[in-house]
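Reviewing the structure listed below.
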Amino acid sequence: MKKKEFWHIYPGTVGAAGAYADALQKALREAGIKAFFFVSWAFKYNTENTIKCFYPITDKIPNRGFFLKIVRGIEVVFGMLAVWFLAIFRRPIIVLHTAGPFFSVFIMFFLCKIFCLKVGLTCHDVATRNKEMGKLRLLMLERANFLIVHSFSAKKLLIGFLNDNVKNRIKYHPFPFSSYDEIIEPAKLREAEDVLRNIIPCDKDYFLFTGPRMCKGIETLKNAWEINSRNFKSVLLIAGKWGDVPRNLINEIKKLNNCVILDRYLTNEEFYLFIKKAKFIVLPYLEYSHSSVLISCAHLKAPVITSNIALFEQYLPGYPMSFQKGDSNALSKILKKSEILNENEIDILINKLNKSVKKENSLLIKEVGEVYHSL
């Protein structure tokens with residue numbers, strides 16, 4: 001009998017994001033699962049059975065205007081078609097990862113279905129903002145042979161959208177994540193240190209918020225910072241490319257006291273260093289299924305402030321630096337409280353997250369094996 005072979009199709013594995021694919025592939029190997037990953041051209045990890053086939057041109061260009069975004073769209077579609085053509089003859093089980101351009105995933109999914117390939121989805125993003133579910137996304141979820149999630153909150157959200165016949169197809173295993181040490185380049189790390197010194201005064205601590213999005217609670221954070229900004233000893237650093245934030249809100253944020261904005265994609269080294277050096281990483285998310293930033297903080301031994309969404313409650317039940325999601329007053333009080341914590345109190349917070357993530361990691365190989373052997 002031919003051994004089952006899985007093909008993971010995950011274009012969104014550039015740089016630090018590749019930590020997910022690296023950890024999952026290693027867990028699959030340890031569990032005795034034969035798998036291949038089709039990844040971004042800028043995938044940095046030296047992981048076996050990974051094939052770089054997405055974004056060969058635009059991964060090399062950090063600042064992308066309208067024309068390059070069109071090129072990038074073409075690249076991902078052609079990458080998908082190339083994998084699909086090979087899959088028709090090889091007949092693997094296809095695992096599509098939903099992080100990234102939805103349209104290309106949608107095309108690939110139904111091309112696989114047309115040619116009777118077994119295809120499932122790893123649901124990095126269960127729904128769109130505000131728990132909405134588009135008709136095309138719902139159509140994919142209903143017709144997938146299986147659905148994989150990495151949090152109980154994601155599973156619960158999916159169950160709410162799907163009928164009873166689909167619910168038993170939902171599989172859970174912990175979020176896989178590798179260390180960044182393998183991909184950090186010393187010269188670029190020194191450059192990142194220079195960037196940080198240039199934007200944050202050397203005598204100042206800073207709170208870090210990365211990847212500004214509305215669903216990440218950027219407006220909650222803005223309002224919370226406004227309440228007490230003149231009294232904060234620390235600086236607020238908002239770093240990363242802005243997403244769906246309205247222009248008027250961006251302009252209001254730019255006027256905040258003691259707030260520094262770095263509006264561009266971060267290098268691997270900047271992402272790594274900014275987290276390691278931050279006083280606290282602020283995660284005021286309104287709704288999220290998975291958070292690689294939270295896992296990154298655990299690996300880099302960085303303290304976090306979180307909203308009380310189900311995802312964070314899974315890792316940090318009863319966490320003292322948690323607040324009611326969307327409550328700016330509560331967040332402002334937590335920010336103020338965090339400034340007076342001593343090193344020992346902060347270490348306790350760091351260890352709480354670190355132990356929780358380590359516990360999840362200890363189950364990864366076993367639960368990955370159980371999920372994939374059952375497919």
Of everything in the range 143-161 that's modelled with pLDDT of 90 or more and more than 20 Å from PRO176 (Cα to Cα), which residue is surrounded by the most Cβ atoms within 10 Å (Cβ to Cβ)?
ALA144
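Yes/no matrix, rows are residues, columns are (1) closer than 22 Å to ALA19 by Cβ; (2) assigned to a loop (DSSP other than H, G, I, E, B); (3) in contact (Cβ under 8 Å) with a residue 60 or more places away in the chain:
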position: ASN257; (1), (2), (3): no, yes, no
position: LEU266; (1), (2), (3): yes, yes, no
position: PHE271; (1), (2), (3): yes, no, yes
position: ILE275; (1), (2), (3): yes, no, yes
position: ILE281; (1), (2), (3): yes, no, yes
position: TYR285; (1), (2), (3): yes, yes, yes
position: TYR288; (1), (2), (3): yes, yes, yes
position: SER296; (1), (2), (3): yes, no, yes
Out of LEU117, LEU136, report the one residue that is open to solvent by less than 70 Å² (accessible area, probe 1.4 Å) and among the hydrophobic types (A, V, I, L, M, F, W, C).
LEU117
Residue that is among the polar types (S, T, N, Q) and in contact with a Cys (Cβ under 7 Å, 6 or more places away or on another chain), where the choices are THR13, THR98, THR50:
THR98
Of all residues in the range 206-219, how many are open to solvent by 10 Å² or more (accessible area, probe 1.4 Å) and either in a loop (DSSP other than H, G, I, E, B) or among the β-branched types (Val, Ile, Thr) (or both)?
6
Checklist (1) under 12 Å from ILE9 (Cβ atoms); (2) part of a helix (DSSP H, G or I); (3) touching a strand residue (DSSP E or B) at 6+ places or on another chain (Cβ under 7 Å) applied to TRP84, failing item
(3)
Based on what the data block shows, is ALA42 under 27 Å from LEU294 (Cβ atoms), touching a residue at least 12 places away in the same chain (Cβ under 8 Å) and buried (at least 18 other Cβ atoms within 10 Å of the Cβ)?
yes
Those residues of the range 62-76 which are aliphatic (A, V, I, L, M) and over 17 Å from THR13 (Cβ atoms) amount to LEU68, ILE70, VAL71, ILE74
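Restricting to the range 2-54, give me the number of residues that are among the polar types (S, T, N, Q) and either over 24 Å from CYS112 (Cβ atoms) or part of a loop (DSSP other than H, G, I, E, B) (or both).
So the first thing to find is which residues in the range 2-54 are among the polar types (S, T, N, Q), and the list is 13, 25, 40, 46-47, 49-50.
Next cut, either over 24 Å from CYS112 (Cβ atoms) or part of a loop (DSSP other than H, G, I, E, B) (or both) only: 13, 46-47, 49.
Total meeting the criteria: 4.
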So, ILE61, is that one surrounded by fewer than 21 Cβ atoms within 10 Å (Cβ to Cβ), modelled with pLDDT of 90 or more, over 28 Å from LYS26 (Cβ atoms) and β-branched (Val, Ile, Thr) or not?
no
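Look at ASP194 and say whether it is free of Cβ contacts under 8 Å to residues at least 40 places away in the same chain, in a helix (DSSP H, G or I) and acidic (Asp, Glu).
It is true that ASP194 is free of Cβ contacts under 8 Å to residues at least 40 places away in the same chain, in a helix (DSSP H, G or I) and acidic (Asp, Glu).
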Residue list for the range 309-338, filter: open to solvent by 70 Å² or more (accessible area, probe 1.4 Å), outside any loop (DSSP other than H, G, I, E, B) and more than 21 Å from LYS155 (Cα to Cα)
ASN329, LYS333, LYS336, LYS337
Of all the residues that make up the range 261-279, how many are basic (Lys, Arg) and open to solvent by less than 50 Å² (accessible area, probe 1.4 Å)?
1
Output yes when any residue across the range 8-17 is small (Gly, Ala, Ser), open to solvent by 40 Å² or more (accessible area, probe 1.4 Å) and out of contact with any Pro (no Cβ under 8 Å at 6 or more places or on another chain), and no when none is.
yes
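Going through VAL76, VAL71, VAL95 one at a time, which residue ends up being in a helix (DSSP H, G or I), open to solvent by less than 60 Å² (accessible area, probe 1.4 Å) and in contact (Cβ under 8 Å) with a residue 24 or more places away in the chain?
Working: VAL71 fails: in contact (Cβ under 8 Å) with a residue 24 or more places away in the chain; VAL95 fails: in a helix (DSSP H, G or I).
Of VAL76, VAL71, VAL95, the one residue that is in a helix (DSSP H, G or I), open to solvent by less than 60 Å² (accessible area, probe 1.4 Å) and in contact (Cβ under 8 Å) with a residue 24 or more places away in the chain is VAL76.
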Return the residues of the range 18-34 that are free of Cβ contacts under 8 Å to residues at least 60 places away in the same chain and surrounded by fewer than 21 Cβ atoms within 10 Å (Cβ to Cβ); say none if nothing qualifies.
ARG29, LYS34
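The values are calculated or read from the model by the stated rules, or taken from the named source; none is laboratory data. The structure presented is a predicted model; accordingly, all values stated were derived computationally and were not measured. In this analysis, Cβ positions are derived from the backbone assuming ideal geometry, glycine residues included, and neighbour counts consider all displayed protein chains. In case anyone asks, the SASA skips ligands and DNA or RNA and just uses the protein heavy atoms, side chains included. Shrake-Rupley method; radii C 1.70, N 1.55, O 1.52, S 1.80 Å.
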